[in-house]
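The values are calculated or read from the model by the stated rules, or taken from the named source; none is laboratory data. Since we're looking at a predicted model, the values are computed, not measured. Backbone-built Cβ (ideal geometry, glycine too); neighbour counts: all protein chains shown. Only protein heavy atoms, including side chains, enter the accessible area calculation; ligands, DNA and RNA are left aside. Shrake-Rupley method; radii C 1.70, N 1.55, O 1.52, S 1.80 Å.
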Amino acid sequence: MNVWKYLGRYALAYVGMIVVLGVISAFVDLTASMGTVAPVVAVTFPVSRFVVEFRRVPDPTERLSLSVACIGFFVLLQIAILIGAALAYPDAASEVLDRPGMAVLVLGLGVVLPAVAMWLIIRYMPPRFLRNLEKSEARKAARRAR
């Protein structure tokens, strides 16, 4: 399994979700917390592609590789965004850091919650993806047989 290929797919899906949310927010007023949806939805793409390519559920080692790659990329990107925001807006950053509850809330909702949701998707969704793939192929075969 080439982890870099799946990491690239995750990054592409993540950027795509950010663009989609940006377009939607131009028409509909979205809350700032909608940004946490992007990494969670984006992780379904490389996981489903793995199931389609190998026609099986990833084993524990492959799941760990996918988890470390996707969640690691997400966490590193969030750290870079937080550092960039702190450098661009030092007053707001110091205000957040002065209130520990706010810092925990920002890190919890912005980093930990999406990372846990991503892990849950990587852990529990591949069997569903495989079942849906098999059902879809069975329907296509039944249509061709008619």
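Listed values, structure above:
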read-out: Filter result for residue 108 (under 18 Å from residue 40 (Cα atoms) and without any contact (Cβ under 8 Å) to a residue 60 or more places away in the chain); value: yes
read-out: Contacts under 7 angstrom Cβ, first residue in region 2-28 being on the phi < 0 side of the Ramachandran plot, partner open to solvent by 40 Å² or more (accessible area, probe 1.4 Å) and of a type in the set (A, V, I, L, M), 6 or more apart; value: 17/41; 21/30; 21/34; 24/30
read-out: Qualifying residue in region 109-121 (condition: assigned to a helix (DSSP H, G or I), in contact with a Lys or Arg (Cβ under 8 Å, 6 or more places away or on another chain) and open to solvent by less than 50 Å² (accessible area, probe 1.4 Å)); value: no
read-out: Residue tally, condition under 12 Å from residue 45 (Cα atoms) and in contact with a Ser or Thr (Cβ under 9 Å, 6 or more places away or on another chain), over region 3-27; value: 2
read-out: Matching residues, region 27-41, being in a helix (DSSP H, G or I) and among the hydroxyl-bearing types (Ser, Thr, Tyr); value: 33, 36
read-out: Which listed residue, of 45, 74, is touching a residue at least 40 places away in the same chain (Cβ under 8 Å), surrounded by 18 or more Cβ atoms within 10 Å (Cβ to Cβ) and of a type outside the set (S, T, N, Q); value: 74
